[in-house]
Amino acid sequence: MSPCSITSITNNLPLRNLSTSFKKWSTKQYTIAAFALLLFFSYAFLIRSNPHSHHSHSYSNLIPFTPLTNFKQIGALCLDGSAPGYHFQEGFGSGSPNWLLHLEGGGWCSSVASCSYRKTTALGSSHYMDTPVLFTGMLSSLPSQNPDFFNWNKVKIRYCDGASFAGHPESEVRKGSGLFFRGQIIWETIMNELLSIGMSKAKKALLTGCSAGGLATLIHCDNFRQLLPKGATVKCLADAGFFLNEKDILGNSTMKSFYQDVVQLQGVAKSLHKECLAKMEPSKCFFSSEILKNIKTPVFLVHPAYDFWQIHNILVPQGSDPHRRWKSCRLNIQSCDANLMDTLNNFRSSLLKTVNEFQQRKDIGMFIDSCFIHCQTLMEETWFSPNSPKINDKTIAESVADWFFDRQVVKLIDCPYPCNPTCHNLDFTRV
């Protein structure tokens, strides 16, 4: 997420109404929304901690918002009925026939109440979206910051449906709610528009996404492959989009229950793999591990083993720590005592056990560092810079390029915290 995006979104959020909205929500809805705000603030802090990076970008990297013009006729609507859209920067030179798409993240909404609040933010309405945005990290057009993809056609697709671009209008049964569940239609409509402006002739293409956008990347990966020429090289990358189906510290299946509500509310099942749906309930098929089992297109996972979002929402969600033993640890991993670190390392072990199932597939690449962070591909600091996180002396950018261009098989898994001094560990006590 670019620094411009963070500033504008947080400035646009109607914070005075937030506490009133939260009172109407369940604990799990509150948790997801509250830490969506923490996510914005944390990345704003990370950018401010390295002020030189922001000024190193050319103003040519400020990319305007392109709303879909025929959205009403097609029915491609944000939660509030406004126009979805994207930011597009045309490729140049040898990168002209190649395309890199990024699906924005930002959690999910699981009830009429939480979706109704969401439509008053940039994650549910284009009326609140910032424009233009700064393209950084893997979207940067500077070869010094993005050596392998700098001159590609680059698109940032904005997220305003609340279900990882997978909601369906048939589920809009609550009359008078003023909500539109059109994620799948948004995906299809934006793809058609991009195909019409040149993507149909792509020679290389990479679909990427962060967080909920990373999950959306996995959901739509094979469809993206089908849309492009058969001779094109097409791959997908999920950044912090590998969400675990794990119980919290009280033994409750908080994330599973939350996903059940999202899938049921927005009719997500129609966008999930039929092979999975034939074996288990739809909400389980919404988890990344089950989606990845059925994907035929090459995939790369960029993921922190101590993903703060998953620690905050899956492992230690709101209400699970009445004695506040985790209060400091949740905000700064350096504050975790030995017992809490054991729990975090067990959570890491669950992640590694889950991804181990895909170790034999050469087309699935991995960069799993031991950092206390969430998304890492859209920031210069973590994507490709002298201080970027490294595993075996390789940055995320170098590892992704090695995998995409078939230079080598990439299966990089870090040692446990605190072994990696190159990590950019977030500290929420300073936000």
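Confirm whether Ala205 is open to solvent by less than 10 Å² (accessible area, probe 1.4 Å), within 19 Å of the chain's Cα centre (by Cα), under 30 Å from Ala113 (Cα atoms) and at pLDDT 95 or above. Write out each step before concluding.
Details: open to solvent by less than 10 Å² (accessible area, probe 1.4 Å): yes; within 19 Å of the chain's Cα centre (by Cα): yes; under 30 Å from Ala113 (Cα atoms): no; at pLDDT 95 or above: yes.
Judged against the criteria, Ala205 is not a match.
Restricting attention to the stretch 208-222, which residues are open to solvent by 10 Å² or more (accessible area, probe 1.4 Å) and assigned to a helix (DSSP H, G or I)?
Step one: of the stretch 208-222, the residues open to solvent by 10 Å² or more (accessible area, probe 1.4 Å) are 210, 219, 222.
Selection gives Ile219, Asp222.
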Being without any contact (Cβ under 8 Å) to a residue 40 or more places away in the chain and acidic (Asp, Glu) is the filter; apply it to the stretch 280-314 and report the residue that is surrounded by the most Cβ atoms within 10 Å (Cβ to Cβ). Glu290
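Can you pull out every residue in the stretch 119-146 that is touching a residue at least 60 places away in the same chain (Cβ under 8 Å) and more than 14 Å from Leu378 (Cα to Cα)?
Kept after step one, since they are touching a residue at least 60 places away in the same chain (Cβ under 8 Å), are these residues of the stretch 119-146: 119-123, 126, 128-142, 145-146.
If the condition is that a residue be touching a residue at least 60 places away in the same chain (Cβ under 8 Å) and more than 14 Å from Leu378 (Cα to Cα), then Lys119, Thr120, Thr121, Ala122, Leu123, Ser126, Tyr128, Met129, Asp130, Thr131, Pro132 are the ones that fit.
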Checking Ala122 against (1) surrounded by fewer than 24 Cβ atoms within 10 Å (Cβ to Cβ); (2) within 20 Å of the chain's Cα centre (by Cα), which test does it fail? (1)
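Would you confirm whether any residue within the stretch 368-382 is of a type in the set (A, V, I, L, M, F, W, C), within 28 Å of Ser253 (Cα to Cα) and free of Cβ contacts under 8 Å to residues at least 12 places away in the same chain?
Kept after step one, since they are of a type in the set (A, V, I, L, M, F, W, C), are these residues of the stretch 368-382: 368, 371-373, 375, 378-379.
Retained after the next criterion (residues that are within 28 Å of Ser253 (Cα to Cα)): 368, 371-373, 375.
Remaining after also requiring free of Cβ contacts under 8 Å to residues at least 12 places away in the same chain: none.
No, the conditions are met nowhere in the stretch 368-382.
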Where a residue in the stretch 241-261 is open to solvent by less than 10 Å² (accessible area, probe 1.4 Å) and its partner, wherever it lies, is modelled with pLDDT under 95, with Cβ under 9 Å and at least six apart: Met255/Lys28; Phe258/Lys28; Phe258/Gln29; Phe258/Thr31; Phe258/Ile32
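Taking the criterion of being among the β-branched types (Val, Ile, Thr) and open to solvent by 20 Å² or more (accessible area, probe 1.4 Å), would at least one residue in the stretch 147-165 satisfy it? Walk me through how you get there before you give the answer.
We begin by selecting, within the stretch 147-165, every residue among the β-branched types (Val, Ile, Thr); these are 155, 157.
Still in the list and also open to solvent by 20 Å² or more (accessible area, probe 1.4 Å): none.
Scanning the stretch 147-165, I find no residue that is among the β-branched types (Val, Ile, Thr) and open to solvent by 20 Å² or more (accessible area, probe 1.4 Å), so the answer is no.
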Considering only the stretch 262-279, state which residues are open to solvent by 40 Å² or more (accessible area, probe 1.4 Å) and either acidic (Asp, Glu) or part of a loop (DSSP other than H, G, I, E, B) (or both). Glu275, Ala278, Lys279
Which of the residues belonging to the stretch 349-360 are open to solvent by 100 Å² or more (accessible area, probe 1.4 Å), in a loop (DSSP other than H, G, I, E, B) and closer than 23 Å to Tyr417 by Cα? Glu357
Looking at (1) over 19 Å from the mean Cα position of the chain (by Cα); (2) farther than 27 Å from Val112 by Cα; (3) of a type outside the set (Gly, Ala, Ser); (4) not in a helix (DSSP H, G or I), which is the only condition Lys247 fails? (2)
What tally of residues in the stretch 361-396 results from selecting those that are assigned to a strand (DSSP E or B) and among the hydroxyl-bearing types (Ser, Thr, Tyr)? 1
Subset tally (residues that are in a loop (DSSP other than H, G, I, E, B), closer than 17 Å to Gly213 by Cβ and of a type in the set (Val, Ile, Thr)) for the stretch 128-137: 1
Is at least one residue of the stretch 267-277 within 21 Å of the chain's Cα centre (by Cα) and farther than 19 Å from Ser110 by Cα? yes
May I ask you to verify whether Leu101 is within 16 Å of Cys210 (Cβ to Cβ), among the hydrophobic types (A, V, I, L, M, F, W, C) and not in a loop (DSSP other than H, G, I, E, B)? yes
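So that you can scan it fast, the table gives a plain yes or no per residue for (1) among the hydrophobic types (A, V, I, L, M, F, W, C); (2) over 24 Å from Gln260 (Cα atoms); (3) in contact with a His (Cβ under 7 Å, 6 or more places away or on another chain):
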position: Ser111; (1), (2), (3): no, no, no
position: Lys119; (1), (2), (3): no, no, no
position: Leu134; (1), (2), (3): yes, yes, yes
position: Asn146; (1), (2), (3): no, yes, no
position: Lys156; (1), (2), (3): no, yes, yes
position: Cys160; (1), (2), (3): yes, no, no
position: Ser171; (1), (2), (3): no, no, no
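Consider the stretch 115-140. How many of its residues are over 11 Å from Arg158 (Cβ atoms) and touching a helix residue (DSSP H, G or I) at 6+ places or on another chain (Cβ under 6 Å)?
Going through the stretch 115-140 one residue at a time, the tally reaches 7.
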Picking from Asp406, Asp363, Asp414, Asp369, the residue that is open to solvent by 50 Å² or more (accessible area, probe 1.4 Å) and not aromatic (Phe, Trp, Tyr) would be Asp406
Restricted to the stretch 138-178, and to residues that are of a type in the set (D, E, K, R) and outside any loop (DSSP other than H, G, I, E, B), which residue is farthest from the chain's Cα centre (by Cα)? Glu170
Exactly one of (1) open to solvent by 50 Å² or more (accessible area, probe 1.4 Å); (2) farther than 30 Å from Trp383 by Cα; (3) at pLDDT 50 or above is unmet by Val112. Its number? (1)
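Thr343: open to solvent by 20 Å² or more (accessible area, probe 1.4 Å) and among the β-branched types (Val, Ile, Thr), yes or no? Break it down into steps so the answer makes sense when it comes.
Working: open to solvent by 20 Å² or more (accessible area, probe 1.4 Å): yes; among the β-branched types (Val, Ile, Thr): yes.
In short, yes.
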Count, please, the residues in the stretch 382-398 that happen to be open to solvent by less than 20 Å² (accessible area, probe 1.4 Å) and either more than 16 Å from Gln145 (Cβ to Cβ) or touching a Ser or Thr at 6+ places or on another chain (Cβ under 6 Å) (or both). 6
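The values are calculated or read from the model by the stated rules, or taken from the named source; none is laboratory data. Just so we're clear, the structure is a prediction, and the values are computed from it rather than from any experiment. Cβ: placed from backbone, ideal geometry, glycine included. Neighbour counts: every protein chain shown. Ligands, DNA and RNA are stripped out before the accessible areas are found, and what is left, the full protein with its side chains, is counted by its heavy atoms. Shrake-Rupley method; radii C 1.70, N 1.55, O 1.52, S 1.80 Å.
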